[in-house]
Amino acid sequence: MASAAEDPAADGALAANLERGRHLCAQSCQFVAAAATVAQLPAAGLPEVAFAGRSNVGKSSLLNALTGRRTLARTSHTPGRTRQVNFFELAGVMMLVDLPGYGYAAAGKEAVGNWTRLVEAYLVGRPSLRRVMLLIDSRHGLKDLDRRVMTMLDQAAVSYQLVLTKSDKATMGELAQAMNGVADIRAVHTALHPQVLASSARTSAGVAELRAVLASLADWRPPAATAADVAP
Ligand SMILES: Nc1nc2c(ncn2[C@@H]2O[C@H](COP(=O)(O)OP(=O)(O)O)[C@@H](O)[C@H]2O)c(=O)[nH]1
Ligand SMILES: [Mg+2]
């Protein structure tokens, strides 16, 4: 059987998907809303992709790399905002939703409780939520808190996908171990997307692929090429 790499049709489809992702993420992206409580969550509208993960996993950096803008992180770093759910509208067609990080070292039961209430309320029963990108540090793999979030998403039947971060810092062995660890648990996590992406905000590894996933979830189609774009 020919591998995808040897199949020209598959190559063409992959290139088209990457181009759609590049085009989508070159459009404008702006902060539109923040919610610190369940009552403050904006009404559901555009398709949403939420980004979740432990504090320090590289979520802000990856959001910046995806959109090619520093403004997202700056917004997230505004005092208070890091404990909120932040909504960014991309290209007027979808929302990127930045969820508060979980499991930071000093977090007590109360902080964990607050995170759970707000994020669970958002994740469960959000009709516009297309997928949750669950970020995992390549070097550390899945932790208990990650598994708890995964189980919550399984129970709510919310599709989620694992994205390994900081791949530039991981050895090939660590990356392989993180990937294999996911393969082992696929059967018990019913809402887990089969594709795991490895990414680095530093080298941009995996960023184009992640953009392509966003474009496909938003059903984004670049405008048809104009006559001027077509070579004679
Ligand atoms: N080497 C490397 N460091 C990263 C990468 N992404 C984030 N970091 C670093 O990890 C730390 C936490 O990143 P940040 O994006 O603020 O994480 P957040 O708390 O999940 O939003 C910062 O010091 C970043 O510079 C990456 O892809 N490679
Ligand atoms: Mg952050």
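What to note about this one:
- Residue-averaged 222 nm ellipticity for the chain, from DSSP H runs of 4+ at -39500 (n - 2.57), nearest 500: -12000 deg cm²/dmol
- Region 12-221, relative contact order [Cα under 8 Å, separation at least 6], %: 27
- Gain upon complete extension [Leu14, Gln30; 0.36 nm per residue less C-alpha separation]: 3.0 nm
- Annotation: the antiparallel percentage among DSSP beta bridges lying fully within the chain is about 35.
- Ranked by the mean number of other Cβ atoms within 10 Å of their residues, highest first, the peptides 56-63, 153-160 fall in the order 56-63, 153-160.
- Sorted on the mean count of surrounding Cβ atoms within 10 Å across their residues, most packed first, peptides 116-124, 183-191 read 116-124, 183-191.
- Whole-number D in µm² s⁻¹ for the chain, Kirkwood Cα-pair radius fed into Stokes-Einstein, 4 °C, 1.567 mPa s: 70
- Among 83-90, 197-204, 94-101, the order from most to least packed when residues are scored by Cβ within 10 Å on average: 94-101, 83-90, 197-204
Read the figures in this text as sums done on the coordinates, not as results from a lab. Keep in mind that this is a model prediction, so the values were computed, not measured. Cβ atoms come from the backbone with ideal geometry, glycine included; neighbour counts cover every protein chain shown.
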